[in-house]
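In what follows, a structure is listed as C-alpha cells, so that the remarks can point back to it.
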Amino acid sequence: MKITIHRGASQIGGCVTEIRTEKARILIDLGSNLPGSDKPDFTTEEIKRLTDGVDAIFYTHYHGDHIGFHNLVNPEKQYIGEGAKEVLEWKHKVLARHNEDKSSLEAVQKMKCYKPEETFTISDDLKITPYYCSHSAFDSYMFLIVAEKKTILHTGDFRKHGYMGKALIPVLRKYIHQVDILITEGTMLSRSSEKVKPECEIQNEIAGVLRNHKYVFALTSSTDIDRLASMKEACTTAHRNLLADKYQKGVMDIFTKYTTSPLYNFNSTFNFYGNSLVENQKIVGKMKHEGFLLPIRCSGEWLIRMMMDKYNDEEPHLIYSMWSGYYKGTEEQQIKEALTIRSLFKPENIHDIHTSGHADCETLAEVCRKVNPRLAIIPIHKDEKSDYRILDIPQNLKDKVITESMVVDGVEIEIKPAFN
C-alpha cells in the first residue's frame with residue numbers, strides 16, 4: 001500500500017490525498033488553493049495527470065479548497081454526500097445564470113453519492129466508510145478506509161465546538177476504535193493561542209446585538225449551517241426577523257430537507273425577492289416595527305446600500321462572522337469586498353462574532369489519543385511550520401508523526417514537498 005500526500009502537508013487548503021493498493025487507487029479531496037494564497041496552484045494538465053486512472057475520488061465536503069477541481073475530472077468517478085451535492089448543485093445553478101462556465105454545474109449533477117455509515121467497496125483490498133463530522137460545511141464527513149488489512153482514518157476538516165461536535169468522540173468510540181494510520185487536519189496549530197467559542201456562545205452574542213439594535217446585517221458564509229442556525233435561534237430569542245434572499249433561502253431549504261433537528265429547520269425564515277424589502281410598503285412597515293437580521297455575502301454591497309437608504313431611522317449594525325484575516329490579514333489574504341462592506345458601517349457599529357470551523361489543539365490531541373494510531377499520524381491542512389508534536393499527546397504518539405516520506409510496516413508514505 002502507498003499513501004501519497006500530493007498537497008496539504010505544507011499549506012492550509014488545496015488538499016489532495018491518494019491511497020493506492022495493489023488493485024485500486026482513490027483520491028480523497030481534490031482542492032484548489034484558498035483565495036489569496038501565494039502558492040502556485042495545479043494546472044489543468046497536472047490535474048489530468050494526477051487523476052488519470054483513479055478508481056474514485058471521495059470528497060469530505062463542498063468547500064473549494066477540497067473540491068475546487070471537480071469540473072476537470074470524469075464526474076462519474078466522483079463521490080460526495082447527498083446533501084452536500086444538492087448544495088453544490090444549487091450554488092452552480094445560480095452561478096450559471098450569471099454566465100459562469102456551465103461545466104461545473106454539469107459535473108456536480110453527474111456526481112455519485114455515498115451514504116453515511118455504508119461501506120463502499122472499491123476492490124477486495126480497499127473499502128471506505130463515511131461518517132458524519134461537524135464542520136462549518138453542511139454534510140461533512142470523515143472516512144474510515146480499510147486497505148490491505150490496515151485501517152486508515154482520514155478526518156477531513158472537523159471540530160468539536162459546533163452543535164454537532166458532541167458526537168465526535170462517541171462516533172470514534174463506537175465505529176472507529178484504534179487505527180493503524182491517522183490522516184488528520186491541523187489548521188489551528190498555527191493559531192494555538194486563539195480561543196474557539198462554542199457555537200451556542202456565538203448564538204448568545206448575536207442575540208445580544210439584536211436585542212439592542214433594530215437593523216443588523218451579517219457578513220457570513222451562505223453555507224455555514226451552524227452559523228445560520230445560530231442566527232435563526234438568536235432572531236427567535238430577540239424577536240427579530242431573519243431575512244433571506246432567493247439564493248440563501250434555497251440553501252436553507254436544503255438544510256431543512258436533510259436534517260431532522262428543529263435547530264436546522266429554516267421554514268420560519270422571511271424570504272424576499274427583488275426589491276420587495278424597499279418597495280413593498282407592508283413589508284417595509286413590518287421590518288421597521290420588528291427589526292431584522294440580514295445575512296449577506298461579499299457581493300452584497302448594493303443590497304446593504306439600498307437597505308440603508310430605506311431603513312434610516314436607526315443606525316445600522318454589522319455582524320462580521322468570517323475569518324478576521326479577510327480584513328486584517330496580509331494583502332493576499334484580504335478580500336476587497338469584505339473591506340468595502342465593513343467601511344459602510346461606523347467602527348463602533350461593527351461586531352466581530354466568529355469562531356473557527358476547525359478543531360482546536362485540545363480536540364486534535366483528544367482525537368489522536370482516542371484512535372491511538374498504531375503506525376503513523378500524517379498531518380495535513382496545516383501551515384508549513386506547524387508541528388503536530390506540540391500537542392498534548394503521549395511521546396509514543398509524537399514519535400509517530402510523519403513529516404517526510406518513509407516506509408512504515410510495509411506502507412509507503414510519500415509526502416510531496418511544498419509547491420510540487
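Over the chain, what is the relative contact order in percent, taking alpha-carbon pairs closer than 8 angstrom and at least six residues apart?
Normalised by residue count, the contact order of the chain is 20 percent.
By its C-alpha gyration tensor, with a ≥ b ≥ c as the square roots of the eigenvalues, how is region 207-366 shaped: rounded for a/c under 1.5, else prolate for a/b larger than b/c, else oblate?
oblate
Calculate the translational D of region 351-420 in whole µm² s⁻¹ from Stokes-Einstein, where the hydrodynamic radius comes from the Kirkwood formula applied to all Cα pairs, the temperature is 37 °C and the viscosity 0.692 mPa s.
Calculated translational D: 238 µm²/s.
How would you rank 112-122, 319-329, 18-28, highest first, on the average number of other Cβ atoms within 10 Å across their residues?
18-28, 319-329, 112-122
Let a ≥ b ≥ c be the square roots of the eigenvalues of the Cα gyration tensor of region 248-343; is it rounded (a/c under 1.5), or, if not, prolate (a/b larger than b/c) or oblate?
Cα axes put region 248-343 in the oblate bin.
Report the relative contact order of region 19-107, percent, no decimals, based on alpha-carbon pairs under 8 angstrom and at least 6 residues apart.
It rounds to 28 percent for region 19-107.
On the Cα set of region 137-271, report Rg and Dmax in Å, please.
When restricted to Cα atoms, region 137-271 yields Rg and Dmax of 17.9, 60 Å.
So which of K48/K77; K160/K416; K39/K197; K91/K112; K23/K127 end up more than 20 Å apart by C-alpha?
In this structure, K160/K416; K39/K197 lie more than 20 Å apart at Cα.
Would you mind getting the accessible area per residue of region 300-405, heavy atoms of the protein chains only, 1.4 Å probe, in Å²?
Computed with neighbouring chains in place, this is 49 Å² per residue.
From Cα coordinates alone, what are the radius of gyration and Dmax values for region 325-367 in angstrom?
14.6, 42
Tell me, what are the semi-axes, in whole angstrom and largest first, of the equivalent ellipsoid of region 5-98 as set by the roots of 5 times the Cα gyration tensor eigenvalues?
Semi-axis lengths for region 5-98 are 21, 18, 12 Å.
Using a cut-off of 24 Å between alpha-carbon atoms, which lysines can reach K214, once sequence neighbours fewer than 8 places away in the same chain are excluded?
Partners within reach: K232, K246, K249, K282, K286, K288, K310, K346.
Please state the shape class of region 41-171: rounded when a/c is under 1.5, otherwise prolate if a/b exceeds b/c and oblate if not, all from the C-alpha gyration tensor.
Judged from the Cα gyration tensor, region 41-171 comes out oblate (a/c at least 1.5, b/c at or above a/b).
Most fluctuating residue of A207, A96, A238 in a GNM of the chain with Cα springs under 10 Å: which is it?
A96
Measure off, as a whole percent, the carbon and sulfur share of the 1.4 Å-probe accessible area of the chain, all protein chains present.
That share works out to 47 percent.
How many angstrom separate the Cα center of region 191-227 from the Cα center of region 309-372?
If we compute the Cα centre of each part, the gap is 9 Å.
In sequence order, what are the phi-derived ³J(HN,Hα) couplings for region 329-337 according to the Karplus relation 6.51 cos²θ - 1.76 cosθ + 1.60 with θ = phi - 60°, rounded to whole Hz, with x for glycine and proline?
x, 5, 4, 5, 7, 5, 10, 4, 5
Can you give the translational diffusion coefficient of the chain in µm²/s, computed by Stokes-Einstein from the Kirkwood radius over Cα pairs at 37 °C and 0.692 mPa s?
146
Which order do the peptides 61-70, 143-152, 158-167, 35-44 come out in when sorted by mean C-beta neighbours inside 10 angstrom, highest first?
61-70, 158-167, 143-152, 35-44
The values are calculated or read from the model by the stated rules, or taken from the named source; none is laboratory data. The structure displayed is predicted, hence computed values, not measured ones. Neighbour counts are summed over all protein chains in view; Cβ atoms, including those assigned to glycine, are modelled from backbone coordinates with ideal geometry. Accessible surface areas use protein heavy atoms only, side chains included; no ligands, DNA or RNA. Shrake-Rupley method; radii C 1.70, N 1.55, O 1.52, S 1.80 Å.
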